[in-house]
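The values are calculated or read from the model by the stated rules, or taken from the named source; none is laboratory data. Since we're looking at a predicted model, the values are computed, not measured. Counting neighbours? That spans all protein chains shown, and the Cβs are built from the backbone with ideal geometry, glycine included.
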Amino acid sequence: MIELPFFTPEHRNLAQSVAQFAAREIEPHAGVEEDVEGLARHFVKVLAGAGLLNYAVAASKLDTRALCLVREELSYSSSLADLAFVMQGLGTFAIARAAPDHVREFWLARAANGKAIAAFALTEPDAGSDVAAIKTTARRDGETYVIDGRKRFISNAGIADFYTVFARTGTREDGRATLSAFVVSSKMQGFSVVERTSLIAPHPIGEIAFNECRVPAEDMVGNEGDGFRMAMETLDTFRASVGAAACGMARRALDEALSYASTRKQFGRLLAEHQLVQEKLADMVTELDAARLLVYRAAYARDTSEGRLTREASEAKLFATEAAGRIIDSAVQIHGGAGLVRGSVVERLYRDVRALRIYEGTSEIQKLVIAGQLMKEIRGLDR
Ligand SMILES: Cc1cc2nc3c(=O)[nH]c(=O)nc-3n(C[C@H](O)[C@H](O)[C@H](O)COP(=O)(O)OP(=O)(O)OC[C@H]3O[C@@H](n4cnc5c(N)ncnc54)[C@H](O)[C@@H]3O)c2cc1C
């Protein structure tokens, strides 16, 4: 895959060096499920030490192929390390594009050198897929905005030093929100972490609340009303990279399945010599190749052309995350009972991969986006 013309020699070197870094620094911690927050902090520190956070925190243009390659290699070992990496990008993308210079420089430098952990706070109890239903408000009061509301399923809640928060600063005639974005430090009065949520797989995540949380007006990112567009641009940019993370996990599952099938014997033959197992392996590698082609096509297109390339990114996320679910399921099946043993690599992947079909837009939402874009293209409204 890496030999395809999607990549420059720098990308090829990067993929190789991140694979070596992950084998050395990440893999030894991969199965650890205690003190998830401490481990996430540790991963941010070692990723910063290796200079890798610069591929997520982009002061100028993000190199989407590099972002995807790093995510694929980290996810091969640990989805927690991948999360530690990508959240620094998701939490700073809008800031990099639209915050006042001094705010931008302050947080970007800290995020890139691992001194501050970032988060992206969009989802609420009543606003998941339906972002415009956001109830959290930001009310202007002199030179400040006063934020009130709750956000749930916020990755890094509890360990983040700052949050890019999307809040309602107005309401349209149809009742939908006009959104604006703010940088909120975890030290601000009125900010609190109200719940640490335990998920199916290790992931620092929780619910946060704003209770008359007063932030300086200069911490608004962009202009009033730009929030919805910035949230969508962030998700659009990072979407293909969720597919890349899925590919890393699927590639690991395939490697584990191949290795097991090449050593375990039943009925006097290796599992890999049974045709029904071979069928699974053939489907797994074909789906993985197709997923990687979609992911790196989307990343390449984003890096080399103008426009948002929404459809390509959504196709990549949709197909790669769904395919990874199927590939990892087959890897568990090939392992038989051994695939269900707590702590085995494929058992861990089976739990880890599930979230990818839900966060940053569920599979159903990706299908709506793809169809919506297709309709625009047919009517000649886009491209
Ligand atoms: C591990 C994890 C990490 C996350 N991290 C973050 C984060 O850092 N920041 C953040 O802001 N959010 C985060 N989220 C939240 C995530 O983005 C939402 O969970 C997701 O957008 C779905 O929203 P919801 O859970 O409210 O589900 P809902 O929107 O209630 O959807 C429930 C179901 O209904 C379907 N559905 C909804 N609308 C439609 C429709 N129009 N047509 C067809 N089907 C539909 C959905 O596809 C889904 O299957 C995270 C979630 C998870 C699981």
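Just give me the residues in segment 324-381 being acidic (Asp, Glu) and touching a residue at least 60 places away in the same chain (Cβ under 8 Å), in sequence order. Full working, then the answer.
Of all residues in segment 324-381, those acidic (Asp, Glu) come to 329, 347, 352, 360, 364, 377.
Matches in segment 324-381: Asp352, Glu360, Glu364, Glu377.
Within the set of pairs 6 or more residues apart or between chains, which connect a residue that is not assigned by TED's automatic domain parsing to the domain that holds Gly343 inside segment 21-35 to a residue that is of a type in the set (Val, Ile, Thr) and surrounded by 15 or more Cβ atoms within 10 Å (Cβ to Cβ) with Cβ atoms less than 6 Å apart?
Short answer, once both residue conditions are applied: Glu25/Val46.
Do we have Val193 as under 29 Å from Gly38 (Cα atoms) and either free of Cβ contacts under 8 Å to residues at least 40 places away in the same chain or among the β-branched types (Val, Ile, Thr) (or both) here?
When the stated conditions are applied, Val193 passes them.
Take the residues of segment 81-103 that are in contact (Cβ under 8 Å) with a residue 24 or more places away in the chain and charged (D, E, K, R): which is farthest from the ligand (Cβ to nearest atom)?
Arg97
Being in contact with a Ser or Thr (Cβ under 7 Å, 6 or more places away or on another chain), away from the ligand (no atom under 11 Å from the Cβ), β-branched (Val, Ile, Thr) and not assigned by TED's automatic domain parsing to the domain that holds Ser155 is true for just one of Ile370, Ile365. Which residue is that?
Ile370
Just checking, does segment 6-24 include any residue being over 12 Å from Arg65 (Cβ atoms), in contact with a Ser or Thr (Cβ under 6 Å, 6 or more places away or on another chain) and either surrounded by 16 or more Cβ atoms within 10 Å (Cβ to Cβ) or among the hydrophobic types (A, V, I, L, M, F, W, C) (or both)?
For segment 6-24, residues over 12 Å from Arg65 (Cβ atoms), in contact with a Ser or Thr (Cβ under 6 Å, 6 or more places away or on another chain) and either surrounded by 16 or more Cβ atoms within 10 Å (Cβ to Cβ) or among the hydrophobic types (A, V, I, L, M, F, W, C) (or both): present.
When segment 124-156 is examined, which residues are found to be closer than 18 Å to Val221 by Cα, within 12 Å of the ligand (Cβ to nearest atom) and part of a loop (DSSP other than H, G, I, E, B)?
Ile134, Thr136
What residue, of Ala244, Ala253, is more than 16 Å from the ligand (Cβ to nearest atom), under 28 Å from Asn113 (Cβ atoms), aliphatic (A, V, I, L, M) and in contact with a helix residue (DSSP H, G or I) (Cβ under 7 Å, 6 or more places away or on another chain)?
Selected residue: Ala244, the only one of Ala244, Ala253 that is more than 16 Å from the ligand (Cβ to nearest atom), under 28 Å from Asn113 (Cβ atoms), aliphatic (A, V, I, L, M) and in contact with a helix residue (DSSP H, G or I) (Cβ under 7 Å, 6 or more places away or on another chain).
From the set of residues in segment 348-362 that are among the charged types (D, E, K, R) and in a helix (DSSP H, G or I), which is farthest from the ligand (Cβ to nearest atom)?
Here the residue is Arg348.
Consider only pairs whose beta carbons are under 7 Å apart and that are at least six residues apart or on different chains; among these, list those whose first residue lies in segment 114-142 and is over 18 Å from Ala157 (Cα atoms) and loosely packed, with under 14 Cβ neighbours inside 10 Å and whose second residue is modelled with pLDDT under 95 and small (Gly, Ala, Ser).
Asp126/Ala133
Quick test of your reading of the structure: Ile159 fulfils all but one of (1) within 8 Å of the ligand (Cβ to nearest atom); (2) aliphatic (A, V, I, L, M); (3) part of a loop (DSSP other than H, G, I, E, B). Name the failing condition by number.
(1)
Inspect all residues belonging to segment 299-307 and state whether any of them is farther than 25 Å from Glu377 by Cα and out of contact with any Phe, Trp or Tyr (no Cβ under 8 Å at 6 or more places or on another chain).
no
Please work out which residue is surrounded by the most Cβ atoms within 10 Å (Cβ to Cβ), limiting yourself to segment 95-113 and to residues that are small (Gly, Ala, Ser) and more than 23 Å from Phe43 (Cα to Cα).
Across segment 95-113, the extreme among qualifying residues is Ala99.
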